[in-house]
Amino acid sequence: MSSALAVYSNQVVYRLQDVAGVIKASEQWPLEHDKLPLPAQMFRMASERAARQTDRFSFALKSKWPIRRENAPSNDIENTGLEGALANPYYGRETIYGIERLTAVYASVAVSPACARCHNNHPDSPRTDFKDGDVMGGIVVRIRLD
Ligand code: HEC
């Protein structure tokens, strides 16, 4: 999933928006038909689609510096994982609704110049100093262990 985010950001958003200047990505893409979906929105659409197909696993894009408040860590394990994913993937276990799950957090890195630029310029971003290669957040994956 992290590769899909990187490829979309680099080959679609960065190339068309920042290099060629022919189209922009925007949260408002469902209403504004001349806009591309944001990488995070592409990611969420994929995760919602997967959730409709299976409850065996789930994935979400989160950050300690979220543009969208719902993308902030929602519990201690996500908080610790996002802290830990800065260096290595983080693995933990948690029980949700009585079902034990493996929770993994992988770093989400600014692999395309579009990542840092867009976040730094976004009016709702709590951070404006992201650089290429920075860890901007993490992908939280949960797998049922029952
Ligand atoms: C064109 C603007 C844009 C680009 C390019 C972009 N993002 Fe985002 N990103 C956003 C916005 C806006 C949100 C919050 C919107 C949402 O979740 O619907 C977001 C959400 C996120 C989140 C979840 C936390 C948060 O800030 O809400 C992470 C992590 C993230 N992006 C990382 C990246 C990475 C890594 C890249 C490059 C591979 C990237 N983004 C490219 C605009 C962008």
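The values are calculated or read from the model by the stated rules, or taken from the named source; none is laboratory data. It should be emphasised that the depicted structure is a prediction, and the values quoted were computed from it without experimental measurement. With ideal geometry, Cβ positions are generated from the backbone for all residues, glycine too; neighbour counts draw on all protein chains shown.
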Could you please find all residues in the stretch 126-146 being near the ligand (Cβ under 9 Å from one of its atoms) and under 13 Å from Ser58 (Cβ atoms)?
-> Ile139
Got at least one residue in the stretch 23-34 being farther than 21 Å from His122 by Cα and surrounded by 14 or more Cβ atoms within 10 Å (Cβ to Cβ)?
-> no
So, in the stretch 2-16, of the ones that are crowded, with 16+ Cβ neighbours inside 10 Å and out of contact with any Ser or Thr (no Cβ under 8 Å at 6 or more places or on another chain), which residue ends up nearest to Val140 (Cα to Cα)?
-> Tyr8
Close pairs from the stretch 109-125: first within 6 Å of the ligand (Cβ to nearest atom), partner among the β-branched types (Val, Ile, Thr) and in a loop (DSSP other than H, G, I, E, B), Cβ under 6 Å, at least 6 apart = His122/Ile67
Do we have any residue at all in the stretch 1-20 that's assigned to a loop (DSSP other than H, G, I, E, B) and closer than 17 Å to Ser112 by Cβ?
-> yes
How many residues does the stretch 55-72 contain that are at pLDDT below 95 and assigned to a loop (DSSP other than H, G, I, E, B)?
-> 2
Would you be able to tell me the number of residues in the stretch 44-72 that are away from the ligand (no atom under 15 Å from the Cβ) and under 12 Å from the mean Cα position of the chain (by Cα)?
-> 0
Within the stretch 73-103, residues buried (at least 19 other Cβ atoms within 10 Å of the Cβ) and either assigned to a strand (DSSP E or B) or within 11 Å of the ligand (Cβ to nearest atom) (or both) come out as Pro73, Leu82, Ala85, Tyr90, Arg101, Thr103
